[in-house]
Structure formats: structure tokens, C-alpha cells
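This report refers to the structure that appears directly beneath it.
Throughout, read-outs are computed from the coordinates displayed, never taken from laboratory work. Because the structure is a prediction, the values reported are computed rather than measured. Quick reminder, even Gly has a Cβ in these numbers, built from the backbone with ideal geometry, and neighbours come from all protein chains shown.
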Amino acid sequence: MLKLKNINTFYGNIHALKDVDIEVTEGEIITLIGANGAGKTTTLMSISGIVPPRSGEILFMDKAINHFRPDTIVALGICQVPEGRHIFPYLTVMENLDMGAFLRTDKDNIKKDLEHIFDLFPILAQRRHQPGGTLSGGEQQMLAISRALMARPKLLLLDEPSLGLAPLVVRQIFEIIEKINNESNTTIFLVEQNANLALKTAHRGYVMENGRIMLTDATENLLLDENVKKAYLGM
Ligand code: ATP
């Protein structure tokens with residue numbers, strides 16, 4: 001579904017991604033783990049066209065997208081939930097969700113998707129008229145994911161969904177991430193600092209260090225890898 005081929009991304013003269021190769025197959029959850037500053041967010045930003053790579057190629061459904069604008073990339077079916085949520089705090093929950101569907105014209109399906117989202121996150125239905133900024137951190141994360149789902153993405157890019165949330169809420173969010181993957185066949189690209197949780201949720205994983213992919217394997221193998229255990233799982 002998605003192929004990053006030899007991607008190099010820069011911020012001015014900071015070389016953030018170095019010859020990055022990543023493949024995502026339709027229907028799977030893949031995770032990218034790594035320390036602070038490894039280049040995980042930059043990888044998502046490169047895919048979604050916000051920080052386009054200087055060289056290399058990104059193919060989505062066999063189409064090169066690395067020169068496309070971010071809104072074109074969203075329209076093709078790639079949606080990013082940014083680190084820190086970035087919901088619209090002064091808009092209500094409903095208005096935030098409407099913003100997610102702004103590129104769509106299929107009104108009947110939008111209504112169905114909204115019902116599905118309220119099934120996934122009943123708390124958002126209860127809070128639908130409340131300004132987004134008054135929600136708890138966990139509820140804001142649910143809203144950010146839901147807003148992305150309103151675009152009916154084929155590929156959902158999640159940046160640190162566990163950040164700053166209590167363990168119980170994190171567990172809830174990750175259960176729903178698995179449900180979204182299972183039930184609506186949405187492919188998921190998960191960036192996480194919580195390597196243990198990410199590797200238990202995803203099917204395959206990539207380990208990034210200093211802008212380079214150092215290791216990739218099925219997550220059950222990464223969980224047993226001595227270097228991964230030492231560096232990322234605190235074992
Ligand atoms: P974290 O887990 O802390 O979010 P990360 O793995 O997502 O880290 P990135 O945010 O992608 O890492 O950063 C990769 C590198 O690019 C780091 O060296 C970082 O300092 C640098 N960088 C990121 N954003 C910018 C920017 N806007 N301008 C300049 N350098 C940046």
C-alpha cells in the first residue's frame with residue numbers, strides 16, 4: 001500500500017531522515033519505534049507532505065506522492081493524527097468532527113461514519129455539544145482519532161497516541177486502535193515511544209535511530225530481540 005524508498009528529509013541543513021525504506025501492507029498495523037529525536041515524527045510528516053523529502057520516492061497505491069500537497073494526500077486516503085492532538089479547542093466536538101469530513105461530499109456515508117464513531121467512542125456522543133478544549137486529554141485523543149476517521153482514510157498515521165495519558169486511558173485508546181484496524185480494515189502506521197505497547201499492538205515494526213532504520217521484523221521477533229529489549233523495553 002505504502003512504500004518509502006530511500007527517503008532523505010532535511011530541516012535546513014539538519015539531515016533528519018537518512019535513506020529510509022519502509023513498506024506498509026494493506027490491512028496491517030505497523031509501528032515505528034525509536035528514542036526522542038530519532039526521526040519518527042519527521043517520517044510521518046514526509047508521508048503526509050508537510051515536510052517533503054529532498055530525495056527518494058514515496059509510493060501510495062503505486063502512485064508517487066512525494067511531490068503532492070498535504071490536502072491532495074489527504075484526499076487520496078492518508079490521514080495523520082498529530083502528536084499533541086491539535087483539536088480545535090473552541091469548536092464543539094461535532095464541529096471538530098465535521099472538519100474531518102470537509103473534503104467529502106457523500107452526505108449519507110458521513111452520517112453513517114458519525115454513528116460508527118459514536119459507537120466506538122460513546123463519550124464523544126455525550127459530549128458532542130461541548131467545546132473540544134473542555135475535554136480531558138484522553139477524550140481529546142479520541143476526538144483527534146475520530147476527526148481523522150471522518151475523512152475515511154485508507155491509511156491512518158498515528159503520532160504518539162499514548163503521550164501524556166494515564167495508563168488506563170492508554171489501554172482504552174489502544175484497544176480502539178486495534179478495533180479500527182480489524183473492523184474497518186483501516187491500515188495503521190503507529191509512531192510510539194511506548195515501545196512495549198506499540199510492539200504488542202502492531203504486526204510488524206521498524207526501529208529507528210538517528211534518522212536511519214536499524215531493524216525491521218515481525219513484532220513477536222522484535223519483542224524477543226536482545227538489543228530491542230535493552231534499548232527500548234527496559235529489560
Ligand atoms: P520525538 O519522539 O521526540 O517526537 P522523533 O523521533 O519524532 O522524536 P523528530 O521530531 O522527527 O524525532 O526529529 C528528528 C530530528 O529532526 C531531530 O534531530 C530534531 O531535532 C529535528 N527536527 C525536528 N523538527 C525540526 C524542525 N522543525 N526544525 C529543525 N529541526 C527539526
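Observations, loosely collected:
- Cβ-placed point charges (K, R +1; D, E -1), dipole of the chain about Cα centre in debye, nearest 20: 400
- Considering all different alpha carbon pairs of region 69-125, the Kirkwood hydrodynamic radius works out to 12.7 Å.
- Within region 108-235: Cβ-based charge dipole about Cα centre, in debye rounded to nearest 20 (Lys, Arg +1; Asp, Glu -1): 260
- Taking only Cα atoms of region 107-196, radius of gyration then Dmax in Å: 12.9, 40
- q = 0.14 Å⁻¹, region 167-235: log10 I(q)/I(0) [Debye, one scatterer per Cα]: -0.45
- Label point at Thr134 placed 7 Å out along Cα→Cβ; residues across region 82-120 whose backbone nitrogen lies under 11 Å: 92-93
- Taking amide H as placed 1.01 Å from N in the peptide plane, the amide H of Arg104 sits under 5 Å from none that are at least 5 places away or on another chain.
- Global form of region 162-205, assessed from the alpha-carbon gyration tensor, a/c cut-off 1.5: oblate
- For region 1-113, the relative contact order comes to 23 percent (Cα pairs under 8 Å, sequence separation of at least 6).
- Here's the picture: charge each Lys and Arg Cβ at +1 and each Asp and Glu Cβ at -1 in region 83-235, and of Leu149, Gly100, Asn194 the one pushed furthest to the positive end of that dipole is Gly100.
- Phi angles of region 99-114 translate, via the Karplus equation with coefficients 6.51, -1.76, 1.60 and θ = phi - 60°, into HN-Hα couplings of 4, x, 9, 5, 8, 9, 10, 7, 4, 5, 5, 4, 4, 5, 5, 5 Hz per residue; Gly and Pro are given as x.
- Loop-located chymotrypsin sites (Phe, Trp or Tyr not before Pro) in region 1-103 (DSSP state other than H, G, I, E, B) with a sparse environment of at most 13 neighbouring Cβ atoms within 10 Å: Tyr90, Phe102.
- Count, lysine Cα pairs under 15 Å in region 1-153, 8 or more residues apart or across chains: 4
- Principal semi-axes in Å for region 25-70 [√(5λ), Cα gyration tensor, largest first]: 19, 16, 8
- Entry note, the chain: the mean residue ellipticity at 222 nm calculated from DSSP H runs of n ≥ 4, each adding -39500 (n - 2.57), is -11000 deg cm²/dmol after division by the residues and rounding to the nearest 500.
- Which of Leu44, Ile87, Ile33, positive extreme of dipole for the chain (C-beta unit charges): Ile87
- Electrostatic bookkeeping for Gly132 treats Lys and Arg as +1 and Asp and Glu as -1; over the other residues with beta carbon under 15 Å from its beta carbon, the sum is +1.
- Per-residue ³J(HN,Hα) for region 7-24, Karplus 6.51 cos²θ - 1.76 cosθ + 1.60, θ = phi - 60°, Hz, x for Gly and Pro: 7, 10, 10, 10, 10, x, 9, 7, 8, 7, 10, 10, 6, 7, 10, 9, 10, 10
- Each semi-axis of the equivalent ellipsoid for region 44-179 is √(5λ) with λ an eigenvalue of the Cα gyration tensor; in descending order they amount to 26, 18, 13 Å.
- Length, then width, then depth: along the principal axes, the Cα atoms of the chain run 46, 41, 32 Å.
- Using a cutoff of 8 angstrom between alpha carbon atoms and counting only pairs six or more residues apart, the relative contact order for the chain works out to 28 percent.
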